[in-house]
Every structure is written in C-alpha cells, then in structure tokens.
Amino acid sequence: MFWPFGKKKEKSAVFESKRGTGELDTLKANRLADAAYEMTAAVAAETGERKAGSEATRKCARLLHEELGKYCDDTLITSFRSSEVSYNGVLKLIAVSAPIILILDLAGCSVIALALFCFTVFLALREYLLCDGMRKQFFRVCDMTNVHGVIEPQGECTDTIVFTAHHDSAPLYTIGKDDRKNMFLSMHLPLIHFCVTGLITVTGVITDIFTGELFSVNLPPVFVIVLLVLLLLSSGIYIRLWRLISDKYSPGIGDNLVSSCVLVQLARYFSWKKRKGEGFTGTRLVFASFDGEECGLKGSSWWYHNHKNQLVSPVVINLDSLCSASDLTFITKDVNGLVPLSSALASELSRIADRMGYSSKVGGLPLFAGATDAASAAREDLEAVTVTAVPLDGASSVIHTENDTLENVERKVLEEVISICIRFAEDRGCTAPPSPEHHLTLENTEKRLQITRS
C-alpha cells in the first residue's frame, strides 16, 4: 500500500506530555533511557502487537518517522513487498507435503516424491535455517515498511555509523516455550518423521536407478509398502506441527520496540551535539528501524541491498532484545551461528563496556537460536555486530512470549547500551579534514519523504 508521507506532520501529542521541558544539555544516558522507556510505552499503547506487514507495524513506522524527523537532517519511509508467512509457513508446507510424498512412494512415483521432498527441504533451509528469503517468493506477500533517519556531518562525509533495530513482533507458539514434551511432539517428532520419509524416498530412487526403472511406475517391495503404510497412518502427528504457530503475536517490547525507541534517543543526543557545534566533522549517522525481522530478516535484507552502495565506509551496530543488563552480549556469529559478524567490532564495544564499568560478554548464536538484522549487513560485506541483552541459548522466558512487556525491560540496560553507543560513536567520530572525493548522499533529498516500492 502506498502511504502519502509527502509532508511533515505536526508534533505527536502522544509523546509531548512525557517529554518534559528540561534542557538537553543536562541530559545524561539515564535520562535518555527514561525517554526511550516512556516513548516505548506510548508507541506500544498506540500500536499494540505488530505483525510484520500489518497496519499496526506501518503505524509504528510512521510514529518512529515522525520522532526521527525532529532530530535528523533527513528521514525516509520505504515500502517493499515480501512474505510474512514464508518463515513459519515452511512448517505448514512440511505438514502438507509429507503425506503426499508417502502416497507418491506407495504409487511407485519415487522421482516425483523425491522432487517434492527436495523442494520442501530447500524452502525450509532457505527460510528457516538461513533466513534468506529475499529471492523469488512461493508464499503470499504483503507491504512491509522500513524507516530511517540521517544526521549529516558538518563537513564532507568520510565514514558512516549505522544504528539499527526492528519494530515488528514475533508470532507466538500455541504451546509454552518451556513445555519440552509438547514441543517434541509438535515439532521435533514430525521433523524426524519427515526425515525418515525422505530417507525412504531417496532409497527408492537409488534402487530404481540400479534396476533401470527410474522413470517407470513400479510398486516398491512389500516390506517397504508396509513401512510406508505405517508412516502414512501415523502422519496425523503433522496436525500438531500445522497448529504450532498461533495467530497471536508477542507484545514485542523488549524484542524489539524498545530498541527502535533507543535509536530515536540516540538521534536526539547527536542532534543536540550538532546544534551546539560539536557534531562530527566527517561521520554520518544513520538510524534505521526495520520491518519483517521476525519472519526472516526481510526488512533489513531489502534495506541493505538497496542502500549499501550509498553508505560511505560503514560500520553497523544492531540493537536487539534489550531486556536484562546481566545478559549484555555482543554477538559475533549470527543466523544460527552460520554467518560471522565482526569480532573486532564486538571486542571494541566490549572494551568500551569494561571501561565504563559494565559487565558484558562476547559470543555467537548457537544452531537453531535464530538470527538478527546484523546478518543482513554482514551478507553485504559490511562490518556489523549485534548488541543484545538476553541469553543466547534461547533460555529467555520473555522474548517471543506474552511476557515481552515493558515491565520486563530493565531501564539499566537501556542506559548502558545508550552510553556504549554514544561512547563508540564519539571514539569513532571522524574529525579529519573533508575529503570531497568520498562524498556520497544516502538519499536524494528531493525524494526524502517519498515511498520507495519494489
């Protein structure tokens, strides 16, 4: 859907009553954290749960755009089309295709059965394990909405620091995250069943190759028929897999609305510094919040693919799941541990945290632990890291649950992350003489409030 943001709106009353009238020159990280906390409460009250590509998520993007517009030199909302259902839709695809594969095997059509099995596995690996769903879609698509703001340097741009987050919510399971028995019955057992089905299908094709009956319809041996019938009769277990993902969504506060509101407060701080004449000479600051992270990094993949050539010597700091100060971690491996992030950047941030007296860790996401938007930057060969504050092993009882509310976000961790980001930017901020040959603009300013669609 096309959203007409061609002109700036009046200041939102949602935030005015919570801002106060204090001068920014007295603001410290704790006051910025308080402002981010209050802004999160206000936006959450306006939008509720935010399914990727929904009106609630677009409204959230508009509110963030409006707030960033108060502090940034340039702001832009971009709309793109992608699939919200593809990420978890592969589970339903497995549930549907498994009985069909068994029937094809029983009918002696092992080649067709293998083709369907391979297609299903390909989509499952691409969407669920690799989070790489920006190619041609096989699922229903919708309009998703990103937003970013830019604070330009006082001279020619020589480098860029990109702060990112996402503003969509995660879908909820129909069973509790800690219910291991039902999780095994609903997900792990059907996947084991599907793997056994695939193994039998592959064995049947190999047998047909050696017997010269690959492209002819022939019944499998009796013992294989018995096994296939047993598997077909037990395929009712896929009903639980089909129903695993509910139609409800997490409140999505810690993961990850509060991080998007932290971006606004970072923009507020650096805007104030620039107005005082203490802005960066050559460092451009970008603050971007993405849609579609919870369904396979859709928004960040699209944004980096379309903007990477406009970023000058960028480093990316992604904020995700800021809940508990005791779990402050800089992630070095993303997408189930398969995509490396910048270890050097993570170490630099960790050293800053140590100097400021904050406890932090450096580590990578393990297999089946999910992914963050930093991976999209890394896949475009950008130096990137994710700052998080939840256990990396998925043991959090907050994120991706109904408990992901503002009460379960510590103000302390917001203060720490804001402090680290400010110190990093000020340490990295380029004050070298302007270099005209490196000057690039992030967006044509004549189009800065237009919607970009693809």
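A few remarks follow.
- In summary, Ala56 fulfils each of the numbered conditions (1) open to solvent by 30 Å² or more (accessible area, probe 1.4 Å); (2) without any contact (Cβ under 8 Å) to a residue 12 or more places away in the chain with the single exception of condition (1).
- Selected residue (criterion: nearest to the chain's Cα centre (by Cα)) from residues of segment 389-404 that are open to solvent by 40 Å² or more (accessible area, probe 1.4 Å) and under 21 Å from Val262 (Cα atoms): His400
- Any hit, segment 4-17, residues being of a type in the set (A, V, I, L, M) and modelled with pLDDT of 50 or more: no
- Condition check for Val150: farther than 30 Å from Val417 by Cβ and touching an Asp or Glu at 6+ places or on another chain (Cβ under 8 Å): no
Matching residues to (1) open to solvent by 70 Å² or more (accessible area, probe 1.4 Å); (2) of a type in the set (A, V, I, L, M, F, W, C):
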| residue | (1), (2) |
| --- | --- |
| Leu345 | no, yes |
| Ser359 | yes, no |
| Ala375 | no, yes |
| Arg379 | yes, no |
| Val387 | no, yes |
| Asn408 | no, no |
| Lys412 | yes, no |
| Ile418 | no, yes |
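- Residue within segment 289-301 that is of a type in the set (D, E, K, R) and outside any helix (DSSP H, G or I) present: yes
- Residue count for segment 125-156, restricted to those that are among the hydrophobic types (A, V, I, L, M, F, W, C) and modelled with pLDDT of 95 or more: 4
- Within segment 146-159, considering residues that are more than 15 Å from the chain's Cα centre (by Cα) and among the β-branched types (Val, Ile, Thr), the one most open to solvent (accessible area, probe 1.4 Å): Thr158
- Subset of segment 158-175 [under 25 Å from Ser259 (Cβ atoms) and out of contact with any Asp or Glu (no Cβ under 6 Å at 6 or more places or on another chain)]: Asp159, Thr160, Ile161, Val162, Phe163, Ala165, His167, Pro171, Leu172, Tyr173
- Criterion violated by Thr203 - all others in (1) out of contact with any strand residue (DSSP E or B) (no Cβ under 8 Å at 6 or more places or on another chain); (2) among the hydroxyl-bearing types (Ser, Thr, Tyr); (3) under 30 Å from Gly296 (Cα atoms) satisfied: (3)
- Which listed residue, of Thr281, Thr329, is more than 25 Å from Ile151 (Cβ to Cβ) and over 13 Å from the mean Cα position of the chain (by Cα): Thr329
- Cβ pairs under 7 Å, 6+ apart, first in segment 68-94 and among the hydroxyl-bearing types (Ser, Thr, Tyr), second assigned to a strand (DSSP E or B) and open to solvent by 10 Å² or more (accessible area, probe 1.4 Å): Ser79/Asp143
- Taken together, the residues in segment 362-390 that are over 10 Å from Leu319 (Cβ atoms) and among the β-branched types (Val, Ile, Thr) amount to 3.
- Some residue of segment 248-262 being open to solvent by less than 50 Å² (accessible area, probe 1.4 Å), without any contact (Cβ under 8 Å) to a residue 60 or more places away in the chain and farther than 26 Å from Lys412 by Cβ: no
- Tabulated pairs, segment 163-187, first closer than 23 Å to Ala44 by Cα, second of a type in the set (Val, Ile, Thr) and buried (at least 21 other Cβ atoms within 10 Å of the Cβ), C-beta under 6 angstrom, 6+ apart or interchain: Phe163/Ile317; Asp168/Thr57
- Contacts under 7 angstrom Cβ, first residue in segment 364-377 being more than 7 Å from Asn336 (Cα to Cα), partner open to solvent by 20 Å² or more (accessible area, probe 1.4 Å) and assigned to a helix (DSSP H, G or I), 6 or more apart: Ser376/Ser301
- Scan of segment 325-338 for residues that are open to solvent by less than 20 Å² (accessible area, probe 1.4 Å) and of a type outside the set (Phe, Trp, Tyr), ordered by number: Ala325, Leu328, Thr329, Ile331, Asp334, Val335, Asn336
- The condition (being surrounded by fewer than 18 Cβ atoms within 10 Å (Cβ to Cβ) and not basic (Lys, Arg)) is satisfied by just one residue among Val162, Val85, Val141: Val141.
- Residue list for segment 70-81, filter: over 17 Å from the mean Cα position of the chain (by Cα) and open to solvent by 10 Å² or more (accessible area, probe 1.4 Å): Lys70, Tyr71, Cys72, Asp73, Asp74
The values are calculated or read from the model by the stated rules, or taken from the named source; none is laboratory data. No experiment lies behind these values; they were computed from the predicted model shown. Neighbour counts are summed over all protein chains in view; Cβ atoms, including those assigned to glycine, are modelled from backbone coordinates with ideal geometry. Note: accessible area is taken over every heavy atom of the protein model, side chains too, but ligands, DNA and RNA are not part of it. Shrake-Rupley method; radii C 1.70, N 1.55, O 1.52, S 1.80 Å.
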